[in-house]
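Single-structure report; data block below.
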Amino acid sequence: MEKMLNQNKIQEELHGIKILFAEPLKNFTFTKVGGNADALIFPKTIEEVRLIVDYAQKNKIPYLVLGNASNLIVRDGGIRGFVLMLTDMTEIIVSDKCITAQAGAELIDVTKEACKHHLTGFEFACGIPGSIGGAVYMNAGAYDGEIQNIFTSCEVLLENGTIETWQLEEMNFSYRHSKAQEQKVVILSASFHLEKGEIDNIQARMDELTRLRQEKQPLEFPSCGSVFKRPEGYFTGKLIQDANLQGFKYGGAQISEKHAGFIVNIDNATARDYEELIAYIIKVVKEKFDVTLEVEVRIIGESL
């Protein structure tokens, strides 16, 4: 596909939009792994997203959205077609108890904005390194909070170029799942309902959760965050610890010595290192405890 893309035509049709051709995605992913994107595109507005998707549709070019590339693994063969990164779409608007953020806004920035406006309910997300779009897509959660608990609506772009507003009741939220995973859409923005609170209490809670993350999670290494969903009745990290796997390495990837639910890139790991290590963890935990771990992290792209 890389050679089939008409770069001159694309640049002409999508004039003014930042496009990087044959760009290594490991330069952008939180794991620091991933092959080339045929075309990595950074829209700044909803209209630019619509133009990109329309061009891709008309020219039969596959496309997908990476958000800010935090909770995913891109395979070493990279991704064919268009890859949209929405990291330039970061507007945050606060109106009374409602906060609306574009899909590329960092969760951490949105929680800070909520705090600044004395709004409580978003504190749980203050240390999650994802974007708003990714958080809605995955129904992100931490410390007994989840996106669905504060979500009111989101704007999505359909494949046919139509923009729809999806309300809470139609989102099919469940553990790490939303309606956005059920059909091909681009999440453009989302709105959340919060409550008025005391700024000192909100900041104290955010400080506490930030401290807990720093103490418990291997933030000093590249990683994709939590690799597995939590099995009902168990803690993933404890299962991996009890299987005597903590610290186990495959290639440049290692089960974190700080938190066994994380796989960190300690020595120029490849996506294959990650996938092999994930498969091994699943196999050993199943053999030892008859528990089947499910992968939470998105694994996308082509293998070499």
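The values are calculated or read from the model by the stated rules, or taken from the named source; none is laboratory data. For clarity, every value in this text was computed on a predicted model and none was experimentally measured. Please note: Cβ atoms are built from the backbone with ideal geometry, for glycine as well, and neighbour counts cover all protein chains shown. Accessible surface areas use protein heavy atoms only, side chains included; no ligands, DNA or RNA. Shrake-Rupley method; radii C 1.70, N 1.55, O 1.52, S 1.80 Å.
Select from segment 240-269 the residues that are β-branched (Val, Ile, Thr) and open to solvent by less than 50 Å² (accessible area, probe 1.4 Å) and write down the one among them that is farthest from ASN36 (Cα to Cα).
So in segment 240-269, the residues β-branched (Val, Ile, Thr) come out as 240, 255, 263-264, 266.
Cutting the leftovers down to open to solvent by less than 50 Å² (accessible area, probe 1.4 Å) gives us 240, 255, 263-264.
On the way: ILE240: 32, ILE255: 26, ILE263: 22, VAL264: 21 Å.
This residue is ILE240.
Could you please find all residues in segment 134-151 being at pLDDT 95 or above, open to solvent by 30 Å² or more (accessible area, probe 1.4 Å) and not in a helix (DSSP H, G or I)?
The one that is at pLDDT 95 or above, open to solvent by 30 Å² or more (accessible area, probe 1.4 Å) and not in a helix (DSSP H, G or I): GLU146.
Just the residues that are of a type in the set (Ser, Thr, Tyr) and either in contact (Cβ under 8 Å) with a residue 40 or more places away in the chain or open to solvent by less than 10 Å² (accessible area, probe 1.4 Å) (or both), please, taken from segment 152-163. Give the steps one after another, and end with the answer.
Quick first cut of segment 152-163, residues of a type in the set (Ser, Thr, Tyr) only: 152-153, 162.
Answer for segment 152-163, where residues must be of a type in the set (Ser, Thr, Tyr) and either in contact (Cβ under 8 Å) with a residue 40 or more places away in the chain or open to solvent by less than 10 Å² (accessible area, probe 1.4 Å) (or both): just THR152.
Looking only at segment 189-218, which residues are touching a helix residue (DSSP H, G or I) at 6+ places or on another chain (Cβ under 7 Å), over 17 Å from GLY141 (Cα atoms) and either of a type in the set (A, V, I, L, M) or open to solvent by 90 Å² or more (accessible area, probe 1.4 Å) (or both)?
Going residue by residue through segment 189-218, those that are touching a helix residue (DSSP H, G or I) at 6+ places or on another chain (Cβ under 7 Å) are 190, 194, 199, 202-203, 205-206, 209.
Narrowing further to those that are over 17 Å from GLY141 (Cα atoms): 199, 202-203.
Passing the criteria: ILE199, ILE202.
Modelled with pLDDT under 95 and in a helix (DSSP H, G or I): is that true of GLU275 in this structure?
Here the answer is no, as GLU275 does not meet what is asked.
Is one or more of the residues making up segment 95-117 open to solvent by 70 Å² or more (accessible area, probe 1.4 Å), closer than 30 Å to ALA204 by Cα, in contact with a helix residue (DSSP H, G or I) (Cβ under 9 Å, 6 or more places away or on another chain) and among the basic types (Lys, Arg)?
yes
Would you be able to say whether some residue in segment 77-92 is free of Cβ contacts under 8 Å to residues at least 60 places away in the same chain, open to solvent by 40 Å² or more (accessible area, probe 1.4 Å), of a type outside the set (D, E, K, R) and in contact with a helix residue (DSSP H, G or I) (Cβ under 6 Å, 6 or more places away or on another chain)?
Within segment 77-92 (the criterion being free of Cβ contacts under 8 Å to residues at least 60 places away in the same chain, open to solvent by 40 Å² or more (accessible area, probe 1.4 Å), of a type outside the set (D, E, K, R) and in contact with a helix residue (DSSP H, G or I) (Cβ under 6 Å, 6 or more places away or on another chain)), the answer is yes, since at least one residue qualifies.
Working carefully through the options SER70, SER131, find the one that is of a type outside the set (A, V, I, L, M) and open to solvent by less than 10 Å² (accessible area, probe 1.4 Å). Don't jump to the end; show me each part of the working.
Details: SER70 fails: open to solvent by less than 10 Å² (accessible area, probe 1.4 Å).
Answer to the selection: SER131.
What are the residues in segment 277-304 that are of a type in the set (Gly, Ala, Ser) and surrounded by 14 or more Cβ atoms within 10 Å (Cβ to Cβ), if any?
GLY301
Answer yes if at least one residue in segment 59-80 is of a type in the set (A, V, I, L, M), in contact with a Leu (Cβ under 7 Å, 6 or more places away or on another chain) and closer than 15 Å to HIS193 by Cα, and no otherwise.
There is no residue in segment 59-80 that is of a type in the set (A, V, I, L, M), in contact with a Leu (Cβ under 7 Å, 6 or more places away or on another chain) and closer than 15 Å to HIS193 by Cα.
Can you tell me which condition HIS15 does not meet? The list is (1) touching a residue at least 12 places away in the same chain (Cβ under 8 Å); (2) surrounded by fewer than 21 Cβ atoms within 10 Å (Cβ to Cβ), and all the others hold.
Here HIS15 meets the rest and fails (1).
Can you name the residue in segment 19-61 that is in contact (Cβ under 8 Å) with a residue 60 or more places away in the chain and open to solvent by 40 Å² or more (accessible area, probe 1.4 Å) and is also nearest to the chain's Cα centre (by Cα) among such residues?
PHE30
Show the residue pairs that are 6+ apart or on different chains and have beta-carbon atoms under 6 Å apart, the first residue being within segment 221-237 and under 22 Å from GLY67 (Cβ atoms), the second being among the small types (Gly, Ala, Ser).
From segment 221-237, the pairs are SER226/GLY261.
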